[in-house]
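The structure appears right after this line, and notes come after that.
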Amino acid sequence: MERLLVVWCPRLLHEEEHGREARAFGQVVAALGEFAARVDPVRPGVCAVPTRGPSRYFGGDEAVARLATRAAQAESPGVGVADGLFAATLAARSALEVEPGGAPVVVPPGRTPDFLAPWPVATLDQPELADLLVRLGIRTLGRFAALPTPHVLARFGTDGVACHRVARGLEGELPGARLFAPGESRVRRLGLAEKPAGTTTVHQEGARQQGFWGDRADADARAARAVSQVRGLLHPEAVLRARLQGGRGPAERARLVPWGGARDDPAQPATGTGPGEEPWPGQVPAPAPALVLARPLAAFLEDATGHPVEVTSTGMASAAPARLSVSEGPWADVTQWAGPWPADERWWSVRGRRRRARMQVVLAGGTAHLLTRERGGWWLEGTYD
């Protein structure tokens, strides 16, 4: 998880028509750029600086935080340093509550869960989730983090698991936390904050050693700026990307989210963990289908005697599949099969409960399909390459 310094300027959080806030925010970004090669505006009035390079150069996180406080002192900022954007933002808010423009709050590496524990669940910015947690007597992030992940998944779904991982300190930020793409400065693109000649900006990627300051490769930076310009012409949620998340079926594991979060930043190292790695009983094993249908097609799966193959109450196939027909098309012989993988979802809900099972079949011509057994029939959900 990347360690970040966040500068929170309360007077610049809302942009007015006259543009003073945008110009002032551009000046803050430019001032931070005097000692940090990469400054990421997160949203109006909030920007983040990866601390790996600057902290090594200036002698630690506290030294860099003091520099940031002095650089933005005209706006009386709050400055915080922590692992991940979520905790660093809360640290900056903590510094602001003590004294605007005062001493920064630095959370030691690895101590993020302890720092987050006393904060109210409302800081997750998920009103429905927070309201439900409070009604269940869970009022702090520490209490929320202490819940077992399978219980969180069963009760609150994949969005709840994403918040749960942030509360546990396993993920650095919540989905959709950024309005600006990492590495892209809208205030600079609008010409509101030009740096003096001879100084280094984030656009002069080739002028320094790549990676030393925690920045990205030139091609990645150009691509990020191009996508950011499209978002600027349209709106922050106009450009979407697929994000891998937890789920049992392939369609459930891909979710379209606004481009521009921490996961879109090539400079951030992969953690190797995520919602997709949580235990999912009934999940279809890899590989994933190359084609996933938006609307599954009706299918008929029969055994060698011509009887429909069913899934028993114990989660077993009633007989070995022998042939398959999709959308009342021609029959094809089944040469290999695997499964079924039964899944009982939302078992606590009378109306929302969903029982189904998935099976993989390989046909005589070499084509492989993913089938789903639900509502008394078989459905073609995906096709393997």
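The values are calculated or read from the model by the stated rules, or taken from the named source; none is laboratory data. None of the values given here were measured: they were computed from a predicted structure. Note that each Cβ is placed from the backbone with ideal geometry, even for glycine, and that neighbours are counted across all protein chains shown.
Remarks
- Test: residue in the stretch 7-14 that is surrounded by fewer than 18 Cβ atoms within 10 Å (Cβ to Cβ), aliphatic (A, V, I, L, M) and modelled with pLDDT under 85: yes
- Flag for R353 being modelled with pLDDT under 90, closer than 15 Å to E374 by Cα and crowded, with 18+ Cβ neighbours inside 10 Å: no
- Any chance G110 is under 16 Å from L32 (Cβ atoms) and outside any helix (DSSP H, G or I): no
- Test for R43: is it under 19 Å from the mean Cα position of the chain (by Cα) and either under 19 Å from V29 (Cα atoms) or polar (S, T, N, Q) (or both): yes
- Restricting the stretch 287-300 to residues that are out of contact with any Gly (no Cβ under 9 Å at 6 or more places or on another chain) and within 19 Å of E374 (Cβ to Cβ), the residue that is modelled with the highest pLDDT: L297
- Within the stretch 148-160, residues that are under 20 Å from R355 (Cβ atoms) have Cβ atoms under 6 Å from residues that are surrounded by 14 or more Cβ atoms within 10 Å (Cβ to Cβ) in these pairs: L153/V161; T158/Q245; T158/G246, counting only partners at least 6 apart in sequence or on another chain.
- Enumeration of residues in the stretch 109-142 that are over 29 Å from S55 (Cα atoms) and among the hydroxyl-bearing types (S, T, Y): T140
This table checks each residue for (1) touching a Gly at 6+ places or on another chain (Cβ under 9 Å); (2) among the aromatic types (F, W, Y); (3) closer than 23 Å to D40 by Cβ.
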| site | (1), (2), (3) |
| --- | --- |
| E97 | yes, no, no |
| L116 | yes, no, yes |
| L147 | no, no, no |
| R155 | no, no, no |
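- The condition (being free of Cβ contacts under 8 Å to residues at least 60 places away in the same chain and more than 18 Å from the chain's Cα centre (by Cα)) is satisfied by just one residue among P109, P127: P127.
- E34 more than 23 Å from P175 (Cα to Cα) and of a type in the set (D, E, K, R): yes
- Single residue of P41, P50, P113 found to be at pLDDT 85 or above, surrounded by fewer than 22 Cβ atoms within 10 Å (Cβ to Cβ) and under 17 Å from E173 (Cβ atoms): P113
- The residue pairs whose first member lies in the stretch 289-305 and is within 16 Å of S318 (Cβ to Cβ), whose second member is basic (K, R) and surrounded by 11 or more Cβ atoms within 10 Å (Cβ to Cβ), and whose beta carbons are closer than 8 Å, counting only pairs six or more residues apart or on different chains, are L301/R323; E302/R323.
- Filtering the stretch 76-99 for residues that are over 25 Å from E34 (Cα atoms) and of a type in the set (V, I, T) leaves a non-empty set.
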